[in-house]
Structures are given as structure tokens and as C-alpha cells.
Amino acid sequence: MENYLIAMAVSAGIYALMALGVNVMWGFAGMVNLGLVGFFAVGAYASALLTKGGAAIAVGMASAAIIAAAVGVVVSLITVRLRGDYLAIVTLGFAETIRIVASNAIGFTNGTDGISGIPGPYRGALSPEAFNLLYLGIVAVIVALAYFCIERLRASPFGRVLRAIRDDQQVTAVAGKHVTLFKVKAFAVGSAALGLAGALYAHYTSYIAPDIFVPLFTLYIKLALLVGGLGNNRGAIVGAFAIVFLLEASRFAIPLIPGVTPVQGAALREFMVAVLLIVMLRYRPGGLIPEKLPRLPAPAPAQA
Amino acid sequence: MASAAEVAQLVVNGAMAGTILAVPAIGLTAIYAVLRFPNFAIASHATIGAFAGYVANVSLHWPILPSLLAAFAVAGVVGVASDEFVLRRFRPAGYITTAIASIALTIALENIVRFGFGNDLRGYDLPIARDLRLGSIRVGPQQLQNLAVAGIAMAALFGFLAFTRMGKAMRAVADNPMLASVKGINAEVIGRLVNFVGMGLAGLGGMLIGLDTTIDPLTGFRTILSIFAAAVVGGLGSIPGAVVGALTVGIGEELCLLFLSPDYRSAVGFVAILLVLTLRPRGILGQAAI
């Protein structure tokens with residue numbers, strides 16, 4: 001039972017890191033990434049392949065973040081001058097393409113069989129329980145660091161410019177900000193967090209395969225962010241835990257419904273996530289904990 | 001090196017695949033032209049059409065042609081309903097939010113299909129027929145029929161847009177919604193119409209694609225990349241563009257078989273999207289994409 005809870009806490013931490021990254025793109029800068037699972041996959045494969053090739057795990061994780069960020073720069077550069085929906089189309093296509101390549105570049109990714117035996121920190125030296133606890137500690141430290149950095153980012157002039165771009169790109173450009181550069185940077189930061197989350201996932205489970213990186217995963221993170229509060233970092237973490245709880249709860253609850261086959265149960269679960277996302281988007285687009293914006297002092301009433 | 005006959009066969013296959021791909025691509029681009037957002041729910045509507053046609057053909061023993069009509073009609077009606085009850089409400093929140101809602105909707109609808117039919121691969125009830133040969137080029141009779149259906153659907157759509165009052169009103173709204181409303185065109189009615197026709201075409205396309213292979217709940221999602229590639233390459237919002245784009249993507253996907261394994265086929269669509277957005281974002285026949 002404890003192991004189960006620890007494993008869930010680890011996945012909630014990984015979701016939280018992803019939600020924080022997506023918050024920079026979507027929450028701050030208003031850039032929609034419908035293929036964030038693709039960046040997660042890039043990080044997972046990069047770190048898995050590097051560490052299996054003999055690199056240290058820390059090096060693998062750092063490279064995962066850097067490679068994902070570089071990919072993010074390329075993807076965002078292609079669409080940054082176009083209407084925002086082109087970014088949505090390209091990112092969705094990117095995630096699907098990564099999955100196709102991962103499934104078929106057999107010499108490189110071992111195809112649909114996936115990569116197994118990915119090293120974890122001290123996995124051999126520790127009991128599984130101790131490994132789980134250690135890993136939870138690592139994830140907690142990384143999420144805390146990411147939270148700290150992204151929170152600083154949010155409060156900084158950089159974060160302010162991103163919010164300005166989100167709210168009105170044209171006005172921000174007129175104010176002399178290099179909108180394109182800011183957007184690409186925001187996308188790179190977010191992609192780095194997604195890539196790092198992928199690496200954390202790979203080293204924890206020791207196994208990755210293309211069918212893990214499905215579009216539904218993208219919806220989980222979007223939902224986590226919406227539940228917690230778009231543009232709000234604390235909300236991103238709260239939302240990630242809420243979503244893992246919801247997914248796990250439904251995993252136990254749905255088989256209890258009489259007369260539902262396992263396939264139908266899985267369909268029901270995906271349906272529920274999608275509908276919940278639609279309902280949240282519709283009625284709570286700012287999330288349950290909305291972003292707090294600094295209030296300007298009300299202007300003094302004009303003298304009569 | 002491939003022989004000329006091999007290349008010719010690939011071009012013919014690509015042109016046929018492209019003509020079929022043009023059907024859902026027109027649906028997508030028409031909805032984009034009128035409602036100005038990329039409707040990712042096109043994927044689930046293609047699946048719904050494919051399954052509606054399956055029920056008509058296999059469960060009710062209808063011949064293929066009426067089953068194709070059923071695919072169009074059911075997907076069209078579901079399309080109107082999904083806009084009416086879900087997507088329409090997002091329009092005030094902007095096109096980005098609507099696009100996100102549409103991808104959630106597509107997963108919701110796909111899972112309704114999965115709940116009812118499971119994940120098994122299903123095939124239509126087709127007569128077995130021998131391929132026709134034209135010199136060294138081979139074509140299946142079913143493919144020819146699909147080609148004819150796609151051609152007729154497109155011709156009907158072009159006729160509708162060019163000659164009927166509703167079709168002209170639809171073009172007017174796509175062109176300039178403000179001016180159209182000044183002229184007394186009801187944008188809501190046009191919105192419903194474009195959803196019926198667009199999603200109907202998606203459903204028809206889903207079944208046409210399924211006739212060549214098999215169908216399952218992911219039929220639509222697997223083709224979404226090619227559909228979007230066709231629409232973007234041709235220019236999002238341009239209906240003739242969608243046809244040109246679909247032919248380009250269809251032939252491109254086939255010709256890449258000369259160098260790549262068929263598994264990479266849909267990655268070709270993605271590369272096409274990247275190339276077009278880098279070199280000519282408005283696509284072959286579209287308007288400015290900013």
C-alpha cells in the first residue's frame with residue numbers, strides 16, 4: 001500500500017512538473033501545445049538512450065531537458081508569426097510524428113517493443129521500497145526547484161511580458177517588446193520542463209514504449225492545469241495531484257460498475273476525462289484557483 | 001532504382017488516395033472558413049461516419065452506396081449536435097479555446113464509439129472483384145467506385161456553393177461575416193449548415209478510407225494528420241485548396257514509399273505541413289495565415 005502511494009506521488013510529481021512547463025507556454029504566454037506528450041517522449045527517449053549508452057543519469061536528464069528545449073525552439077519558430085491555431089496543428093502533428101518514428105525506427109528506439117532496462121539511480125543497490133522513496137525525494141526536489149524557478153519567472157519582467165503577449169500581442173509589440181523572441185523563449189522553457197519530466201518518467205519505470213505517449217496524456221496535463229488554475233504555479237501542482245487522484249479513483253471505481261467490459265471501462269474513463277476538460281474549459285477557464293494578478297491602485301477620481 | 005511503371009503506379013495510387021482524402025479535408029477547411037477555428041473533432045466524425053456506414057452495410061445489409069449516404073447523414077447530424085451543444089458555447093472564448101475543446105470532444109466521441117463497438121478491427125461487406133489492368137497499372141473496382149463517389153460529392157459541393165442561395169450565403173459569411181450579417185444572412189443558420197456539410201463530408205471520407213482497409217475507433221484519429229496536412233498545404237479555409245492539397249499530400253505519401261517504409265506514411269503529412277508553413281504559410285491557394 002505504501003509503495004502504491006509512493007508510486008502515485010511520483011507520478012503526480014511528474015505530472016506537476018509537466019503542468020508547470022505547460023503553464024509557462026499556455027498559462028503565461030497563451031501558446032497552445034496540443035502535442036506536449038511529444039516533448040515528454042523526446043525527453044524520455046533522449047535520456048533512456050544516453051544512459052543506456054553509458055552516460056550518467058544526471059547527464060541524461062540534463063540532456064533530455066536541453067534536447068526538448070531545442071526541439072521546442074524549432075517547433076515554435078515555424079509557427080510563431082502565424083495565428084495561434086497553426087501552433088496547435090503543428091504540435092499535434094509533432095506528437096503523432098514522434099510516436100510514428102518511435103514505433104518504426106527500430107534500430108534506434110527498438111520500435112513498439114520499447115526500451116527496457118533503463119537505469120534508475122541506485123536501483124540495484126537499494127530495496128524496491130528504498131528506491132521508491134529515494135526517487136520520490138528526487139522528484140520532489142526537482143519539482144520544488146522548477147516551482148521556484150518558474151515562480152520567479154512569473155514575477156519577473158519576463159513573465160510580465162509573456163502575460164502581456166497572451167492578453168494582447170499587438171499592444172506588446174507596440175510597447176517595443178520583441179514578441180517573437182519572447183514566445184520562442186517561453187516555449188523553450190516549457191519544453192525543457194516537459195523533456196525533464198519525460199526523463200524522470202523513463203528512469204523511474206525503467207521501460208518506455210511508443211504507446212505510452214498517446215494524445216490522451218496531453219489532455220491529462222491540460223486538465224491538471226485547468227483544475228489547478230491556469231497561469232498559477234501553485235494551482236499547477238495542486239491540479240496534478242488532483243488529476244492523479246481522479247485517474248486512480250476511476251481505475252478502482254469503474255470495474256465496480258456491473259456489466260462493463262475492460263475495454264468499455266477504459267473508454268468510459270477516457271470519456272470522463274475528455275468531458276471534464278470540456279466542462280472545466282467552459283465554466284472555469286481560469287481554473288479552480290484563478291491566477292492572481294497584481295492590482296494597480298485605482299486611479300484617483302478626477303477633480304470636478 | 002524504381003522503374004517508370006512502378007512510379008506511375010504510385011502516382012495513380014496517390015491520386016486516388018488524395019481524391020478520397022480531399023473529402024474530409026474539404027469538410028475541415030469549410031468549417032475553418034466559416035467558423036475560423038481548426039476543428040479537431042473532424043477525426044471522431046470521420047470515425048462516426050465509418051461506423052454508421054458499417055452498421056448500415058453489415059448489420060442492416062444495405063449496399064455500399066446507400067451506406068455511404070448514411071455515413072454522410074449520421075456524421076452530419078452528429079456534427080450539428082456537437083457544435084450546438086458543445087463547440088458553439090466556446091466561440092466567445094476565442095478560437096484557441098474552441099480548438100482545445102474540439103480535441104477533447106473528439107476523444108469523448110471516439111470513446112462513445114469504442115464503448116459501443118470495442119477496439120476490434122471491422123471490415124465492410126464488399127464483393128470480391130478482380131483488379132482492372134490498364135497497361136502495367138492496376139486499379140481495384142472498389143477503388144474506382146470510391147473515386148467516383150468522392151468526385152460526385154465534391155462536384156455536388158461545388159455546385160451547391162456556386163449556384164444555390166444557401167451556398168452563396170455560406171461563401172459570403174466565410175468571406176466577410178460582418179458584411180454578410182448586414183445583408184441579413186443569419187450566421188447561426190450558416191454555422192449549422194457548414195457543420196452538417198463539413199462533418200458529413202468527414203463521415204463520408206471516414207467510410208471511404210475504411211472501405212480500402214478496416215475500421216476501428218481510431219480510424220479518424222489516424223488520418224487526422226493527413227487531413228490537416230491537405231488543408232494546410234492547400235491553404236486553410238480554401239475549398240479548391242483542400243482538393244489541391246489533398247492530391248499533393250496523397251501523391252507525396254505514395255512517392256515517399258520509394259525511399260521510406262509505409263509506416264512513415266503519415267509522417268509525410270507532417271513534413272508537408274512544416275514545409276508549407278516555412279515557405280508559404282498561406283498554402284497553395286489560401287489567404288494570409290496571420
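Quick note: the coordinates plus some simple rules give every number you see, no bench work behind them. Keep in mind that what you see is a predicted model, and the values were worked out from it rather than measured. Virtual Cβ from ideal backbone geometry, glycine too; neighbours counted across all protein chains shown.
Look at the stretch B:224-232: the mean tally of other chain Cβ atoms within 10 Å of its residues' Cβ atoms is 3. Would you work out if region B:24-218 is rounded, prolate or oblate? Take a ≥ b ≥ c from the square roots of the eigenvalues of the alpha-carbon gyration tensor; rounded if a/c is under 1.5, else prolate when a/b is larger than b/c, oblate otherwise. Oblate, since a/c reaches 1.5 and b/c is not below a/b. How far apart, in nm, are two points set 7 Å out from the Cα along the Cα-to-Cβ line at B:Thr213 and at B:Ala4? It works out to 3.2 nm between the two label points.
For chain B, the longest principal axis of the alpha carbon atoms and the long axis of helix B:265-279 meet at an angle near 50°.
Relative contact order of chain B: 35 percent, from C-alpha pairs under 8 Å at least 6 residues apart in sequence. I want to make sure I understand the PRE zone here: with the label point 7 angstrom from the Cα of A:Ser206 toward its beta carbon, which residues in region A:113-132 have backbone N atoms less than 17 Å away? Backbone N within reach: A:114-132. The H on the amide N of B:Arg282, modeled in the peptide plane, is under 5 Å from the matching H of B:Ala289, each at least 5 residues off or on a different chain.
Using a simple spin-label model with pseudo-atoms 7 Å out from Cα toward Cβ, A:Val263 and B:Leu134 lie 3.9 nm apart.
The mean sequence distance of close C-alpha pairs (under 8 Å, at least 6 residues apart), as a share of the length of chain A, puts its relative contact order at 32 percent. Angle of helix A:157-167 to the longest C-alpha principal axis of chain A, folded into 0 to 90 degrees and rounded to 10: 80°.
Taking the helices alone, chain A has a mean residue ellipticity at 222 nm of -24000 deg cm²/dmol, built from -39,500 (n - 2.57) per DSSP H run of at least 4 residues and averaged over all its residues.
Which of rounded, prolate or oblate describes region A:103-210 when judged by the alpha-carbon gyration tensor and an a/c cut-off of 1.5? Here region A:103-210 falls in the oblate category. The separation of region A:198-258 from region B:220-290, counted between C-alpha centres, amounts to 32 Å.
The loop-placed trypsin sites (Lys or Arg not before Pro) in region B:171-202, going by DSSP, that have at most 11 neighbouring Cβ atoms within 10 Å of their Cβ come out as B:Lys183. Here the Karplus relation 6.51 cos²θ - 1.76 cosθ + 1.60, evaluated at θ = phi - 60°, turns the backbone of region A:273-283 into coupling constants of 4, 5, 5, 4, 4, 4, 5, 4, 4, 6, 9 Hz, with x for every Gly and Pro.
Backbone N atoms of region A:1-38 closer than 19 Å to the 7 Å Cα→Cβ label point of A:Glu129 belong to residues A:1-10. Compared with the dominant Cα axis of chain A, that is its longest principal axis, helix A:84-104 is turned about 10°. FRET efficiency for the B:Lys183 to B:Leu144 pair, using the beta carbon distance and R₀ = 45 Å, is estimated at 0.55. Taking all Cα pairs closer than 8 Å and separated by 6 or more residues, the relative contact order of region A:1-136 comes to 30 percent.
Using R0 = 22 Å, the C-beta based FRET efficiency linking A:Leu77 and B:Arg89 works out to 0.05.
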